1. Within the range 186-203, does at least one residue satisfy the condition of being under 33 Å from the mean Cα position of the chain (by Cα), in contact (Cβ under 8 Å) with a residue 24 or more places away in the chain, assigned to a helix (DSSP H, G or I) and closer than 25 Å to PHE248 by Cα?
2. Would you mind stating whether MET72 is open to solvent by 70 Å² or more (accessible area, probe 1.4 Å) and of a type in the set (A, V, I, L, M)?
3. Going through the range 106-124 one residue at a time, which ones are over 14 Å from PHE38 (Cα atoms), free of Cβ contacts under 8 Å to residues at least 24 places away in the same chain and either among the small types (Gly, Ala, Ser) or in a loop (DSSP other than H, G, I, E, B) (or both)?
4. Here is a list of conditions, (1) modelled with pLDDT under 95; (2) surrounded by 11 or more Cβ atoms within 10 Å (Cβ to Cβ), and SER227 meets all of them except one; can you say which number that is?
5. Only one of GLY85, GLY62 is more than 18 Å from PRO108 (Cα to Cα) and not in a helix (DSSP H, G or I). Can you tell me which?
6. For the range 41-59, name all the residues that are modelled with pLDDT under 90 and either assigned to a helix (DSSP H, G or I) or open to solvent by less than 70 Å² (accessible area, probe 1.4 Å) (or both).
7. Mind checking whether some residue in the range 211-220 is part of a helix (DSSP H, G or I) and at pLDDT below 95?
8. Pick out the one residue from GLU113, GLU99 that is open to solvent by 10 Å² or more (accessible area, probe 1.4 Å) and either farther than 22 Å from SER41 by Cα or in contact with a strand residue (DSSP E or B) (Cβ under 9 Å, 6 or more places away or on another chain) (or both).
Amino acid sequence: MTPLPIITMLRVLTLITVTLTAISLTAGEAVTDQQMRFFESEVRPLLAAKCWNCHGEEKSKGDLRLDSLRAMLVGGESGPAIAKGDPDESLLIQAIRYESFEMPPSGPLSENEIAVLTRWVQAGAPWPSIDGSLGADAEAGKVDRFAEEDRRWWAFQPVVALAPPRLDPSSWARNEIDHFILEGMRSEGLSPAPEADKVTLVRRLYFDLLGLPPTASQVEAFVNDASPEAYQRLVDQLLDSPAYGERFARLWLDLVRYADSDGYRADGYR
């Protein structure tokens, strides 16, 4: 048997690679990094700018939402909005081509924008989201982003009034919150640490509330303040400081993954 020429073998391997790639794009497998970048940089911003005003969370004309893959697959009054891998059979693509419906009604998308959505549907509509597949509630058109474990999270539980634990009046606790803390410590075999001196207290307050150490004069002013209200007065002073707002603004911006980018709806892959 004559061996295949090198060029022929390379062509065969290329054909196999292209075929396997096409299969993986339409088989509903996990979204790849390349697909995620394409979706987040081109598809999601386009949907947000051109579609979500009429087919989003605030408004869903024709009972159609285009802000999740599940909602698109469920569709609205006219049926599913997309057919994975088949742009020609997808109502969404027909509508933006002005072949059936004419969407958006304000004017057609550009050729490049139509090409982006067509390419996305052709690739199997990869959507890097927790609701990227149809669930048991698809027929009802429900989009449920929360699992039962999420619903049991403590912050979602109903508020219940709790009576503070009864403790010896001469104990370490000074207020009702202290009663809960002390009871919890005792249940773990722990006891409160000795009371901090005023130098330690002023440093703790500055670091906790401003993220900065106090100056020598600020430490001296607190240490020399013999008033019973000295501690509370310093707390109020630091809470009123712009530096307090700046410190916790940075904290919350870190928690929501702020970056100079496309905004939270388009930052998934970042």
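The values are calculated or read from the model by the stated rules, or taken from the named source; none is laboratory data. Since the model is a prediction, treat every value here as computed from it, not as a measurement. Note: ideal-geometry Cβ built from the backbone for every residue, glycine included; neighbour counts use all protein chains shown. Remember, those area values only see protein heavy atoms, side chains included, never the ligands or the DNA or RNA. Shrake-Rupley method; radii C 1.70, N 1.55, O 1.52, S 1.80 Å.
1. The answer is no; no qualifying residue exists.
2. When the stated conditions are applied, MET72 does not pass them.
3. SER106, GLY107, PRO108, SER110
4. Condition (2) is where SER227 drops out.
5. Unique residue meeting the criteria: GLY85.
6. Within the range 41-59, GLY56 is the sole residue that qualifies.
7. Within the range 211-220 (the criterion being part of a helix (DSSP H, G or I) and at pLDDT below 95), the answer is no, since none of the residues qualifies.
8. GLU99
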